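Each remark here refers to the structure printed beneath this line.
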Amino acid sequence: MEELALRLDGLPGEPLVIPYARIEGTAGEGPHLTVVAGVHGAEYTGMAAVMRLIHRLDPGTLRGTVTAVPILNQAAFWSRTAFVVPADGKNLNRCFPGDADGSYTDVLAHEIFTRLIAPSDYLLDLHAGDLPEALAPFCLYEESGVEDRSRRLALAYGLGHVVRQSRASRTIGGSTSSAAADVGIPAIIAEVGANGICDEASVDRHLRGVLAVCAELGMLPGDPGLAGAPPNEYGGWIWMRSPVRGFWQSRVAAGQDVAEGELLGVLLDPLGREMERVVAPAPGCPLFVTTSPAVVADGLLLGLATR
Ligand SMILES: [Zn+2]
C-alpha cells in the first residue's frame, strides 16, 4: 500500500491535506478503480468502509489498481458540518468538475476532479444519510455515454434500489458521478446508512459492495456473492422541497412505497397547528427522508424515486 496525500496550498487558511492510499495489484493487468468517501463531512459509513478496504485488499490477489480516499471533505469532517463546506457554504457534490478560479469549494472540486477522478477508469463515491437524514440503501448513476457500464457497477454493488438520473432531470448537477460520466468514466454514488451514524452493518454493507464491484470488474477473484433479488430500478426521482418554513413531521419511512396522493408528512407552525400537508405527486419510493423537524422554506423534505 502506497501512502499518498493530495496537498492544496492555494486555498485560504491552513494548507489542505487529503490523505489517501493506492494499492497496486500484482496479480495481473486490470483497471484503475478510485473509491472515495467523505464528500459530505458527516456521512461516516463510507469513510470507515474505505479505511477498511485499504487494509483488506491484498496486492497479491488484486488485478489493476485501487485508489482509496477515505475523507475527501476534510474541513467539513473535522467541523462536523452536514452537506456543505464551511468556508463558503457550498455543497461539494454540486461543484464538480470544479473551477480553478472559483471559491474554496470550486477549487477543491477542481483539484479532486483533475488529480483523483480524471485518471480513473471507474469511480465509486460512497455516501450515507447525513445528520438529519433517514435513508434506504441505494445506488445512483447518470444518463451518459457510459451508462451501461455505470449501471453494471450499481447492480454489482447489490443494494435494494437503483436510480438512473437522466440529463434532463438531473436533480443534482455537479456531482462526482455526473462529472465523471460526462468525461467517459463509469461512476456511481452508493448510499448506505443514516443520520450520521457510523453503524457496523452499514460500514460492512458498503465494504461488501465495493469488493463486489472489484469482483465484477475482474480485479478480485471469485464471485461477487451478492446475487439476490434484483433491485428496484427507477427512471428518475422528485426531490420534494418545503413550501414554507415549518416543523416537519414525516409520515413515511425511507424505502416504503407510496401511492400518488398519499400523505408524506405535515408542516406545523410554531404552536403545532398544521400549515401544510405534503402528498406524493406520483407513486414511488422515498429513498431519503429528512428526519430533523427544522425545515426552512424550500428546504429538502425527501427524495421520491419514481419508475
Ligand atoms: Zn452525501
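Here, each number is a calculation from the coordinates, and none is a lab measurement. What you are looking at is a predicted structure, and each value in this text was computed from that prediction instead of being measured. Positions of Cβ are generated from backbone atoms using ideal geometry, with glycine treated the same way; all protein chains shown enter the neighbour counts.
What Kirkwood radius, in Å to one decimal, follows from the Cα pairs of the stretch 235-306? Write down the numbers at each step before the final one.
Numbers: mean 1/r = 0.0839 Å⁻¹.
When all Cα pairs of the stretch 235-306 are included, the Kirkwood radius is 11.9 Å.
Listed highest first by mean packing, meaning other Cβ atoms within 10 Å per residue, what order do 124-130, 256-262, 100-106 come in?
Values: 124-130: 28.1, 256-262: 12.9, 100-106: 16.7.
Ranking, from highest mean packing down: 124-130, 100-106, 256-262.
As an exercise, take the mean of 1/r over every pair of distinct alpha carbons in the stretch 178-307, invert it, and state the Kirkwood radius in angstroms.
Working: mean 1/r = 0.0582 Å⁻¹.
The answer is 17.2 Å.
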For the stretch 134-144, in residue order, the Karplus 3J(HN,Hα) values (coefficients 6.51, -1.76, 1.60; θ = phi - 60°; whole Hz; Gly and Pro = x) are 8, 7, 9, x, 8, 10, 10, 9, 10, 4, 5
Compactness summary of the stretch 16-135: radius of gyration and Dmax from Cα atoms, Å, are 14.7, 44
Diffing the stretch 189-197: the Karplus 3J(HN,Hα) column from phi (6.51, -1.76, 1.60, θ = phi - 60°), in whole Hz with x for Gly and Pro, holds 9, 10, 10, 9, x, 8, 6, x, 8
Taking alpha-carbon centroids only, the stretch 142-184 lies from the stretch 40-57 a number of Å equal to 21
With Cα coordinates, the longest principal axis of the chain makes an angle with the long axis of helix 200-216, in degrees rounded to 10, of 50
quick shape note, the chain: Cα extents on principal axes in Å, largest first -> 64, 49, 36
Phi-derived 3J(HN,Hα) across the stretch 278-295 with the Karplus relation (6.51, -1.76, 1.60, θ = phi - 60°), rounded Hz, x for Gly and Pro, is 9, 10, 6, x, 7, x, x, 9, x, 8, 9, 9, 5, 9, 6, x, 7, 10
Among trypsin sites (Lys or Arg not before Pro) in the stretch 56-122, those in a DSSP loop whose Cβ has at most 15 other Cβ atoms within 10 Å are 80
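Loop-only check: which trypsin sites (Lys or Arg not before Pro) in the stretch 234-283 are DSSP coil with at most 12 other Cβ within 10 angstrom?
On the way: sites: 241, 245, 251, 273, 277; in loops: 245, 251, 273.
Within the stretch 234-283, the qualifying trypsin sites (Lys or Arg not before Pro) (loop, at most 12 other Cβ atoms within 10 Å) are 273.
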